[in-house]
Amino acid sequence: MNEQQSILHRNLFLYVTEFFAGMAVMAVELGASRLLAPYFSSSQIVWTIIIGTIMIAMALGNIYGGKTADKDANPDRLFKRIIFAAIWIGLIPAVGKYVILAITGLLVLTVSTHFLVIAAFAACMIIFVFPLFLLGTVTPSLVKYTMNNLDDNGRIVGTLGAFNTVGSIIGTFLPTFVTIPAVGTSITFLIFSGILLILSGIYFFTVGRQMPGQPRRKPLFFAAVLLFLLCCICGHSDSFAFWEKNLTYEGESVYNYLQVKETESDVILSTNVMFGVQSILKKDPGLTGMYYDYAMAAPYMADISGKSSADILILGMGTGTYATQCRRYFDNVNIEGVEIDGKIVDLSREYFSLDEEVPVTTYDGRAYLQAIDKKYDVIMVDAYQDITIPFQMSTVEFFSMVKEHLKPNGVMVVNMNMRGQSEGNINQYLADTISQVFPSVATVDVERSTNRELFAGDAQMMTLFERGVAEETNPELAAMMKTVQASLNMYSPGDLVMTDDKAPVELLGMQVIDEIIRGELTYYRSIYEKDGLDGVLNSL
């Protein structure tokens with residue numbers, strides 16, 4: 001063992017290096033999911049792409065790190081690579097969002113199928129593979145530097161693995177529960193970039209300096225520090241929709257990217273900057289013209305008008321627009337909400353006028369049903385968000401649980417937010433699954449949107465609905481219900497059933513996204529084919 005290796009071993013510096021390398025890898029992986037989620041969702045598909053590309057990068061880094069360490073067992077080379085990894089990670093907040101949009105803009109004009117997979121994979125490859133490839137070289141390099149003989153190689157490799165694992169554990173929990181909710185994704189990248197840079201600085205100014213004749217790395221380190229400071233200046237913003245002006249609110253929670261935008265007529269919550277909005281509040285009192293109005297048919301189907309008091313449960317409360325609508329038009333309802341994201345609940349009170357009297361439980365919808373015995377007249381399932389459809393809330397077992405929590409003549413209404421047209425689409429799967437549980441199922445498409453409302457109950461559901469509409473005295477609401485009545489279709493079930501064991505909601509959702517993209521961008525593709533990119537930009 002040469003003098004430099006002895007210094008590293010004696011000071012345990014290599015174990016510290018392994019610890020922080022493991023921490024940085026997991027922090028970047030979790031940061032990657034939050035960077036991609038506002039554009040591509042946080043579905044299992046996107047997570048699979050992130051994990052897969054990172055594992056590819058780490059595997060290649062392991063091979064390269066082992067080969068280079070065998071050729072030249074000089075730790076300077078490793079810490080130089082760590083510096084480059086640190087700077088690349090620091091650049092991600094500054095340029096990552098632009099890279100994603102550039103990739104999306106290119107692919108949206110050229111790719112017709114599997115857009116989400118291709119775009120997310122391309123973004124991961126370009127943004128994250130290189131720094132994680134460099135961090136993948138750490139472990140095999142450190143094993144080489146510390147091996148003096150074969151007597152204690154098992155202990156050394158085991159200790160390195162333990163430090164890497166502990167660092168990975170901290171790198172998993174720290175971003176998720178501390179840095180991302182507290183300071184955002186961008187600053188989280190900068191924090192872990194700075195940690196790697198400090199680690200390299202300690203080496204070059206302490207350990208490396210003790211070796212006579214070693215090449216000086218100070219100029220490289222000082223240049224890296226200057227570049228890192230520039231990254232901090234340019235990349236500290238937490239704005240994912242950087243092209244938007246005058247946003248009312250933009251931030252992140254443990255679960256979501258969150259954006260509140262206000263117009264003259266609306267207050268809008270978005271959790272994805274590419275796939276539309278999550279909730280809308282109309283400033284003027286009255287109907288919204290959106291799926292909330294169509295879902296108002298459920299109380300009639302449950303014969304709420306004939307009851308002195310009725311109970312409504314909303315699974316996926318969001319900002320509470322449906323609750324506000326029901327309270328405005330029905331004076332005999334008690335409404336409860338369940339929303340997994342506590343930050344959305346806070347926003348609903350602050351920006352969306354959700355009454356403090358409406359209780360909202362911060363919990364998973366299915367877990368909430370498992371924990372209570374109460375029964376309701378209406379249960380609304382509004383937990384499907386872009387492609388992110390919780391599989392545990394789309395199965396026979398879940399809908400059976402919903403039915404158990406309905407009173408006699410109770411009705412479930414489900415907002416299916418992506419209306420598919422092809423055979424075997426996600427809406428067919430959901431409707432067939434629900435038909436296994438409820439004897440009567442009806443659907444209605446929401447005009448000027450991709451939403452479809454599904455109503456499920458017993459055999460009297462439609463009779464009660466017709467009677468309630470005929471007796472409605474509010475002209476605005478009566479006209480809306482007649483619109484629903486005219487478009488309502490009884491569903492003929494098939495055999496596309498989802499269970500807790502098999503519910504491919506991500507793949508089915510991706511198919512609908514492809515359909516929507518093909519339909520909505522035909523116009524822009526025709527302009528691109530005729531006038532090129534300048535024509536597309538001029539048409540926006």
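The values are calculated or read from the model by the stated rules, or taken from the named source; none is laboratory data. This structure is a prediction, so every number in the text was calculated from the model and none was measured. Virtual Cβ from ideal backbone geometry, glycine too; neighbours counted across all protein chains shown.
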Where A73 falls short, out of the listed (1) part of a helix (DSSP H, G or I); (2) within 22 Å of F20 (Cα to Cα) | (1)
Scope segment 320-342; condition within 19 Å of the chain's Cα centre (by Cα) and either surrounded by fewer than 18 Cβ atoms within 10 Å (Cβ to Cβ) or within 25 Å of V469 (Cβ to Cβ) (or both); matching residues | G342
Residue list for segment 443-499, restricted to those being small (G, A, S), in contact (Cβ under 8 Å) with a residue 24 or more places away in the chain and in contact with a strand residue (DSSP E or B) (Cβ under 9 Å, 6 or more places away or on another chain) | A456, G457, S487
Evaluation of D432 against (1) of a type in the set (D, E); (2) in contact (Cβ under 8 Å) with a residue 60 or more places away in the chain; (3) not in a helix (DSSP H, G or I) (one fails), failing number = (3)
Being outside the structural domain of L454 (by TED's automatic domain parsing), closer than 20 Å to G365 by Cα and of a type outside the set (G, A, S) narrows it down to one of T271, T319, T263, so name that one.
-> T271
Which helices (runs of 4 or more DSSP H) does segment 273-353 wholly contain that include 2 or more residues that are touching a Ser or Thr at 6+ places or on another chain (Cβ under 7 Å) and in contact (Cβ under 8 Å) with a residue 12 or more places away in the chain?
-> 291-295, 321-329, 342-351
Quick one: is M416 among the aliphatic types (A, V, I, L, M), at pLDDT below 90 and surrounded by 17 or more Cβ atoms within 10 Å (Cβ to Cβ)?
-> yes
Determine if segment 366-381 includes at least one residue that is part of a strand (DSSP E or B) and either of a type in the set (D, E) or closer than 16 Å to E252 by Cα (or both).
-> yes
Among the residues of segment 356-378, write down those that are crowded, with 17+ Cβ neighbours inside 10 Å, closer than 20 Å to M498 by Cα and among the hydrophobic types (A, V, I, L, M, F, W, C).
-> L369
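Return yes or no: is F189 in contact (Cβ under 8 Å) with a residue 24 or more places away in the chain, hydrophobic (A, V, I, L, M, F, W, C) and either out of contact with any Asp or Glu (no Cβ under 9 Å at 6 or more places or on another chain) or at positive phi (or both)?
The answer is yes for F189.
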Selection within segment 467-503 - under 23 Å from S435 (Cα atoms), surrounded by fewer than 15 Cβ atoms within 10 Å (Cβ to Cβ) and not hydroxyl-bearing (S, T, Y) = A486, N489, M490, G494, D495, D500, D501, K502
Output the number of residues of segment 106-129 satisfying the condition of being under 28 Å from S193 (Cα atoms) and either at pLDDT below 90 or in contact with a Phe, Trp or Tyr (Cβ under 6 Å, 6 or more places away or on another chain) (or both).
-> 4
